[in-house]
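Scroll down for the structure; my scribbles are underneath it.
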Amino acid sequence: MSTDLVLFNARLLDPGTGTLLPHTALAAGAGLITALGDDREVRALAGRATTVIDLKGAVVTVGFTDGHLHPVSGAERTMGVDLSGCRDLDAVRAAVAGAARELKPGAWLRGWGLDPNTFGDRPVGAAALTPVLDGIPALLDLFDGHSLLASFRALELAGVEGPREFEQASEIVCDADGRPTGLLLEYAACAVVEGVAPKPTEAQVRARTAELLRAMAETGLTGGHAMDAGGDSLAILTKLDGGDGGDALSLRLRVAPWCQPGADGAAVAELVRLQGRSGRLWQVAGVKMFMDGTVDNGTAWLERPDCHGESTHAFWPDPEQYSWVVGELHRAGVPTATHAIGDAAVRHALDSIEKAQTDSVLAPGGRGAASPVRHRIEHIETVPDDTVARFARLGVTASMQPTHCCEYTRADHTDNWSRRLGEERAGRAFRCRDLWDAGVRVVLGSDWPIAPYPPLSVMAGARHRRPADLSLPPHGPEQALTPLQALQGMTVNPAWAAGEEYVGGRLAVGYRADLTVLADSPLTVPDAQLAALPVLLTVVAGHPTHRVPEF
């Protein structure tokens, strides 16, 4: 086997144990680690075409994998004005006004990352932005990815004049007189207005996706569990991965296509058929489902209503239909990844997985008690103690996004999320450490574009539970992970959740040469300094995807 890459004069950090390996050099070929040893013996494996890099004492560890992100759909949705840094309505108005001045007559304005907390005690609605959007069709994504704010002109163009009924949990929010406020909650309601808005071309989305993936590689990401495969997603990945003469896929992606409410036997069969479809660096593996919406919108599914009397229903009008789909996919050996934020949603997802496992064991030729199908639940923002314990017993992965807690909630519970839940439930927020201590596999991610994707920031948030402004107090510091746990949450555990623990998650011969190289050990850098730790080199399948000039 030819040697494509040699790294020497390095510190090799094993994320499984948190210790440095006795080796100082590593070789890779055909996408795998082919040798570990001292500098002299490994450098001797290099040929004329080998990339040889002196790491000058830098730390090499298993490449970071984001456990939950939306690279293709996120690339499309973030082509507008970035509102994620706006902290009040004045800032939002200024950003939107600036974008509006650049528009051609009749063009639509798109924005993303709008935080409902910027509205303070006022309801989220288009009226607050009318001074800068008067007569302009505009769609602004709220940060949760489950809601849109449409301008009055956009509503007019879409023919939206009042409330509508939808088959799934969605709402065109209206005032007391039945007039739309501009707030659209969940997929079906958003689609009404998005359906008349102009769309970028496939080529534009492909170019934006390639740009985004390169930027992700610069932060040390080598892989991601992509929770989108709708529209042109798979075609775009195919072209980026070399299917169109290109080679612009900078991350290894595990893609889970969506299953929406109303899915029948034919739809489930099609999802099963898609499994295993792949390219060089991407593969369809698993199915993404939704059990509820979000706390901020009042569309989560809680066992007790929130403080507005909302969040009382599942996303699926018939939750038992969701359970049936989980059972069918489980029997086919297909893992599910279910968005479940509220305690009732998480409980029902666990109930459904347990039923699927039990039915499979009892069925002739069933899978047996130790099911190889590794189901996951995504987000898990508020759950009681008895639910925490069930994850480990059922072998269900907890996929968590600590920066959601850090950036969108506050320690004093004055934020929208906490006010809706009330003190008791806001006090058991994002229970990363409780789940870990219960023996659950916890996978960390960003949910980009909901929150920033740099993995060191995600790990830092898991460790200190503070927002980017580190002068502010932490929310639930007792739920902080240790440095080693945070590292494992983006290396070892994503590999296990994907059923890839024998090819990923370790620095060992025969394992994937997906590597992240840092200026220092992420285990010894203080929590407050971790996000700024320099990423010197990123390697995917033995080939650099990011490399600082000095290397």
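Points worth noting:
- For first residues located in segment 81-109 and closer than 16 Å to Ala127 by Cα and part of a loop (DSSP other than H, G, I, E, B), partners that are open to solvent by less than 70 Å² (accessible area, probe 1.4 Å) and among the hydroxyl-bearing types (Ser, Thr, Tyr) and lie 6+ apart or on another chain with Cβ distances below 7 Å form the pairs Asp88/Thr118.
- Within segment 483-492, being open to solvent by less than 10 Å² (accessible area, probe 1.4 Å) and either over 21 Å from Asp437 (Cα atoms) or not in a loop (DSSP other than H, G, I, E, B) (or both) holds for Ala486, Leu487.
- Selection within segment 8-55 - free of Cβ contacts under 8 Å to residues at least 60 places away in the same chain, β-branched (Val, Ile, Thr) and closer than 27 Å to Gln485 by Cα: Thr17, Thr19, Thr24
- The condition of being part of a helix (DSSP H, G or I), of a type outside the set (Asp, Glu) and open to solvent by 20 Å² or more (accessible area, probe 1.4 Å) does not hold for Arg164.
- Residue in segment 247-294 that is farthest from the chain's Cα centre (by Cα), counting only those that are without any contact (Cβ under 8 Å) to a residue 24 or more places away in the chain and under 24 Å from Thr222 (Cβ atoms): Asp247
- Condition check for Pro335: farther than 21 Å from Ala229 by Cα and open to solvent by 10 Å² or more (accessible area, probe 1.4 Å): no
- In segment 335-358, the residues that are under 15 Å from Ala389 (Cα atoms) and part of a helix (DSSP H, G or I) form Cβ pairs under 7 Å with partners that are open to solvent by 20 Å² or more (accessible area, probe 1.4 Å) and modelled with pLDDT under 95, at six or more places apart or across chains, as follows: Asp343/Pro384.
- Pairs, first without any contact (Cβ under 8 Å) to a residue 12 or more places away in the chain in segment 419-448, second assigned to a loop (DSSP other than H, G, I, E, B), C-beta under 9 Å, six or more apart: Glu423/His413
- Selected residue (only one of Pro483, Pro452, Pro494, Pro477 is closer than 11 Å to Cys406 by Cβ and not polar (S, T, N, Q)): Pro452
- Considering segment 228-246, and only residues there that are under 20 Å from the mean Cα position of the chain (by Cα) and aliphatic (A, V, I, L, M), the residue that is modelled with the lowest pLDDT turns out to be Ala229.
The rows are residues; the columns are (1) hydrophobic (A, V, I, L, M, F, W, C); (2) surrounded by 23 or more Cβ atoms within 10 Å (Cβ to Cβ); (3) closer than 30 Å to Gly113 by Cα; (4) touching a Gly at 6+ places or on another chain (Cβ under 6 Å).
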{"position": "Val443", "(1), (2), (3), (4)": "yes, yes, yes, yes"}
{"position": "Trp448", "(1), (2), (3), (4)": "yes, yes, yes, yes"}
{"position": "Tyr453", "(1), (2), (3), (4)": "no, yes, yes, no"}
{"position": "Gln479", "(1), (2), (3), (4)": "no, no, yes, no"}
{"position": "Ala497", "(1), (2), (3), (4)": "yes, yes, yes, no"}
{"position": "Glu501", "(1), (2), (3), (4)": "no, no, no, no"}
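- Screening the candidates Thr219, Thr209 for the property of being farther than 30 Å from Glu156 by Cβ, open to solvent by 20 Å² or more (accessible area, probe 1.4 Å) and in contact with a Pro (Cβ under 9 Å, 6 or more places away or on another chain) yields one hit, Thr219.
The values are calculated or read from the model by the stated rules, or taken from the named source; none is laboratory data. None of the values given here were measured: they were computed from a predicted structure. Because the Cβ atoms are built from the backbone with ideal geometry, glycine has one as well, and the counts that use them run over all protein chains shown. The accessibility values were calculated without ligands, DNA or RNA, using every heavy atom of the protein model including side chains. Shrake-Rupley method; radii C 1.70, N 1.55, O 1.52, S 1.80 Å.
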